[in-house]
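Have a look at the structure below, then the notes.
The values are calculated or read from the model by the stated rules, or taken from the named source; none is laboratory data. Note that this is a predicted model, so its numbers are computed, not measured. Ideal geometry is used to build each Cβ from the backbone, glycine not excepted, and the neighbour counts take in all protein chains shown.
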Amino acid sequence: MKFIEELVWILKLSDFEQTVILRLIFAAIAGGLVGMERELKGRPAGMKTFSLVCVGATIVMITNEYIIKYLSNVSGDIARLAAQVISGIGFLGAGTIIVTGNSQIRGLTTAASLWVTAALGITIGAGFFFGGITGIIIVFGSSLLFRIIEGFILEYSKYMKVHAEGENEEFTIQLLEYFKSKGIHIKNFSRSVENKWYSEDICLMIEIQLNKHQKHRDILNELRLVEGVRLIEEI
């Protein structure tokens, strides 16, 4: 702390310049914390992206404050640039949303997290530190909590969607026989042929409804033992 005080004295920083440094450091840390959960899940936007978004939004707010204080004689709309950040962050969020080959939409949570991170950056940039600290605690804490709850719910959900790839049509019959023996109801079934450089695989997309006390993990482990299965995963 003493080192920081001496540095401020040597550089002769004004109160505004000191708070600029504090806000930007806080924004970088806050954005990184939000992005940590996405980084751990291997999503396209990670800690660096989230940190940059938060710092960028903070810079916008600081610049807005500087313009009003020093360039426009205390006149102007302090919320104008903030509004542009909220609407403009959409293009970055849209870039993280993709439709996979399995017709699944991925990236919605990442896009929402980026939008929230920009909002945190605006809060920090405005100097509302209590709001920024409270926001980062709730966002980071809820992300971890909901990740645990989501895992528990998915594990015991009666609904399950499976993507399977196999060598030939025989494995399709084997899968259907397995579901029948377990009393598992098939709600939807689609088949396609995927030509890979090393083989031609039969690809299946199966939506099933499980019975009580059947865990997703156990079903997947048993499906991997079916003869002819190359790949089996829950989506």
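When residues of the stretch 155-184 are filtered for being of a type in the set (Lys, Arg), surrounded by 12 or more Cβ atoms within 10 Å (Cβ to Cβ) and more than 31 Å from the chain's Cα centre (by Cα), how many remain?
1
Are any residues in the stretch 35-75 modelled with pLDDT under 80, of a type in the set (S, T, N, Q) and either surrounded by 15 or more Cβ atoms within 10 Å (Cβ to Cβ) or touching a helix residue (DSSP H, G or I) at 6+ places or on another chain (Cβ under 8 Å) (or both), and if so, which ones?
Across the stretch 35-75, the qualifying residue is only 75.
Regarding the stretch 92-99, can at least one residue be identified that is at pLDDT 75 or above, surrounded by 19 or more Cβ atoms within 10 Å (Cβ to Cβ), within 27 Å of the chain's Cα centre (by Cα) and assigned to a helix (DSSP H, G or I)?
no
Give all pairs with beta carbons closer than 7 Å in which a residue from the stretch 216-235 that is loosely packed, with under 12 Cβ neighbours inside 10 Å meets a residue that is part of a helix (DSSP H, G or I) and among the charged types (D, E, K, R); count only pairs at least 6 apart in sequence or on separate chains.
217/155
Looking at 152, 130, 146, can you tell me which residue is under 30 Å from residue 211 (Cβ atoms), in a helix (DSSP H, G or I) and over 16 Å from the mean Cα position of the chain (by Cα)?
Numbers: 130 fails: under 30 Å from residue 211 (Cβ atoms); 146 fails: over 16 Å from the mean Cα position of the chain (by Cα).
Answer to the check: 152.
Can you name the residue in the stretch 185-215 that is aliphatic (A, V, I, L, M) and loosely packed, with under 14 Cβ neighbours inside 10 Å and, of all such residues, is modelled with the lowest pLDDT?
Restricting attention to the stretch 185-215, the residues satisfying the condition of being aliphatic (A, V, I, L, M) are 186, 193, 202, 204-206, 208, 210.
Restricting the remaining residues to those that are loosely packed, with under 14 Cβ neighbours inside 10 Å gives 186, 193.
Details: 186: 89, 193: 71.
Among those that are aliphatic (A, V, I, L, M) and loosely packed, with under 14 Cβ neighbours inside 10 Å, it is 193.
Just give me the residues in the stretch 131-148 being closer than 27 Å to residue 231 by Cα and surrounded by 11 or more Cβ atoms within 10 Å (Cβ to Cβ), in sequence order. First the steps, then the outcome.
Looking only at the stretch 131-148, we keep the residues that are closer than 27 Å to residue 231 by Cα, and these are 147-148.
The one that is closer than 27 Å to residue 231 by Cα and surrounded by 11 or more Cβ atoms within 10 Å (Cβ to Cβ): 147.
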